[in-house]
1. Please determine, in degrees from 0 to 90 and to the nearest 10, the orientation of helix 110-122 with respect to the longest principal axis defined by the Cα atoms of the chain, where the helix direction is its Cα long axis.
2. Compute the projected area of the convex hull of the Cα atoms of region 13-122, averaged over all viewing directions, and report it in nm² to one decimal place.
3. Tell me the angle of helix 27-48 to the major Cα principal axis of the chain, expressed in degrees between 0 and 90 and rounded to the nearest ten.
4. For the charge dipole of the chain, defined by +1 on Lys and Arg C-beta atoms and -1 on Asp and Glu C-beta atoms about the Cα centroid, which residue among Leu70, Leu44, Ala8 has the Cα displaced farthest towards the positive pole?
5. Any chance you could list P(r) for region 5-46, counting all Cα-Cα pairs in 5 angstrom bins from zero, rounded to whole %?
6. Could you give the nm distance between label points at Ala75 and Gln104, where each point is 7 Å from its Cα heading toward the beta carbon?
7. Leu59 to Val16: FRET efficiency via 1/(1 + (r/R0)^6), r the Cβ-Cβ distance, R0 35 Å, to the nearest 0.05?
8. Assuming R0 = 41 Å, can you tell me the calculated FRET efficiency for the pair Arg123 and Cys33, based on Cβ-Cβ distance, to the nearest 0.05?
Amino acid sequence: MPEKFDQAPRKSQAVVDYERIAGKGAWYDEAGCTLALFPLIGALLGFGSDFPGGYAVLLLVPVVVWLWALAIRRAFRLRPLSADTRDYVRRLVDAEERGVSIPQPSAALQPLYRAEKTMREHRVEKPRKKQC
């Protein structure tokens, strides 16, 4: 159902789900990458020196794989919801440009909101060529 001209757009269920999923687990990628360094360093230390205890750090490899699997699962859950969410953010910015009072976007929507605002601010119209 289209919104009235003087109202902020309503959130669809897809946007609510996106906010819920995006608000959890953002640290999986960062933790997985950081944790992946320890087994690598330990293996190099164990291989390059007389310190076989370095190989014990390889026990972190399953944890790294588990964290990355969680991050991939999260990304696959967000993918189908992102189109509806971007559309909602566009409609939100459109309403704001019309002068409608809009609600503060949630923390999960803030990056999309800022990106949309920045894109609109920096959009440059191409000059039309003069026709003779």
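Readers should treat all values here as calculations from the given coordinates under stated rules, not as data from a laboratory. Note that the structure is a prediction, hence the values are computed from the model and not measured. Cβ: placed from backbone, ideal geometry, glycine included. Neighbour counts: every protein chain shown.
1. Taking Cα atoms only, the helix is inclined about 50 degrees.
2. Across all orientations, region 13-122 yields a mean hull projection of 9.2 nm².
3. The answer is roughly 20 degrees.
4. Looking along the dipole axis, the top candidate is Ala8.
5. Here the calculated profile for region 5-46 is 5, 17, 12, 12, 11, 9, 8, 8, 6, 4, 3, 2, 1, 0.
6. It is 3.1 nm.
7. Numbers: r = 40 Å, r/R0 = 1.13.
The calculated FRET efficiency here is 0.30.
8. Details: r = 34 Å, r/R0 = 0.83.
Computed FRET efficiency for Arg123 and Cys33 comes out at 0.75.
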